[in-house]
Amino acid sequence: MVEVRFIGAGEPRPKREIRLPVWLASYLQATPLALILGAFLLLPILMIATVSFWDYDFAQMYPDFVTFNYTETLGSWVTWKTYLNTLKYAFMVWAITLFIGFWVAYFLAFHIRTAAMQSVLFLVCTVPFLTSNIIRMISWIPVLGRNGIVNSSLVSAGVIDQPIEWLLYSDFAVVLAMVHLYTLFMVTPIFNTMMRIDRSLVEAARDAGASGLQILTNVIIPLSKPGMAIGTIFVVTLVMADFSTVQVMSGGQSASVALMMKNQMSLLQYPAAAANAVVLLVLVLLMVAAILRVVDIRKEL
């Protein structure tokens, strides 16, 4: 039996549904994000790479294709020393922030029972970030200076006879300020990873007779590696691109790649700075690729 349905004069006609192929629908959904990334990420990188091959003098740049910007960058021992100094800062800050960030995240995730208290304590960790990096960095100067709080307290207590000179305007001051600035970027991903660990795994290990140290080394640390890897990418990238902390906290006595690029741009040497930027970008991408080869972070993204 065939059912025949008549549509009245005031009744709307049924709309025909248009079905797109799955591959076309996927491309259409990804198009807005691809356009944004292309305009604000890929296009600037392409422009920097293009300018790195231009010629320049003290007054202007000349569109050309020359390689001496890279020759001067990679052939100078001063540049290599600056890169090694930057890598030294990155390694030291990474090691300290990883140690502090892991134990702070561990305390918040496994020793604070209520979610409300975890949120409150995590908010306390973020309070310093309500101010700018410059203010938090400069705040160390009256603390570490020759007549600062630390030296004055030690001299008054009779611990030292004269102020300690290396507390400020030294590598120690640079690393301390960077640790203060970037520790939260290590705490947050590790904490998020630890909160996803199934607590029944910890209970099973404890029921099997594992000690607290064995649970930490065989259960918690292996399952926290994705968060450590993400935090490492954040911290290393930020340290490699930091120039203000190195300039201020070292008193101009130390250098980094970002500070070298900043000085080149102040002298209108934009192609040379662009060449350094490309080299630094490649170096950071190689470090990130090495991290991703060791730890799979796709489950955390």
**Request:** Quickly run through segment 220-254 and pick out the residues that are over 17 Å from the mean Cα position of the chain (by Cα) and either at pLDDT below 90 or within 22 Å of L181 (Cα to Cα) (or both).
**Result:** Q247, V248, M249, S250, G251, G252, Q253, S254
**Request:** Please report, ordered by residue number, the helices (runs of 4 or more DSSP H) entirely within segment 209-301 with at least 1 residues that are farther than 18 Å from L98 by Cβ.
**Result:** 212-215, 244-249, 257-266, 270-294
**Prompt:** Out of curiosity, is V257 of a type outside the set (G, A, S), over 30 Å from I141 (Cα atoms) and under 17 Å from the mean Cα position of the chain (by Cα)?
**Reply:** no
**Request:** Go through segment 262-299 residue by residue and tally those that are within 14 Å of W54 (Cα to Cα), modelled with pLDDT under 90 and in contact with a helix residue (DSSP H, G or I) (Cβ under 8 Å, 6 or more places away or on another chain).
**Result:** 0
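A quick yes/no check of all residues on (1) closer than 17 Å to T245 by Cα; (2) under 32 Å from the mean Cα position of the chain (by Cα); (3) surrounded by fewer than 14 Cβ atoms within 10 Å (Cβ to Cβ):
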position	(1), (2), (3)
L144	yes, yes, no
I149	no, yes, yes
V155	no, no, no
V159	no, no, yes
Q162	no, no, yes
L167	yes, yes, no
L176	yes, yes, no
T183	yes, yes, no
**Request:** Answer yes if at least one residue in segment 268-286 is surrounded by 13 or more Cβ atoms within 10 Å (Cβ to Cβ), closer than 30 Å to F110 by Cβ and touching a residue at least 24 places away in the same chain (Cβ under 8 Å), and no otherwise.
**Result:** no
**Request:** Any residue in segment 109-129 that's of a type in the set (F, W, Y): show its pairings with residues that are surrounded by 15 or more Cβ atoms within 10 Å (Cβ to Cβ) and part of a loop (DSSP other than H, G, I, E, B) at Cβ separation under 9 Å, as long as the two are six or more apart or on different chains.
**Result:** F110/I197
**Complete:** Filtering segment 56-80 down to residues that are assigned to a helix (DSSP H, G or I), surrounded by fewer than 16 Cβ atoms within 10 Å (Cβ to Cβ) and either in contact (Cβ under 8 Å) with a residue 12 or more places away in the chain or of a type in the set (S, T, Y) (or both) yields T71, E72, L74
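The values are calculated or read from the model by the stated rules, or taken from the named source; none is laboratory data. Here the structure is a predicted model, which is why all the values come from computation and not from measurement. Cβ sites come from the backbone with ideal geometry, for glycine too, and all protein chains shown count toward neighbours.
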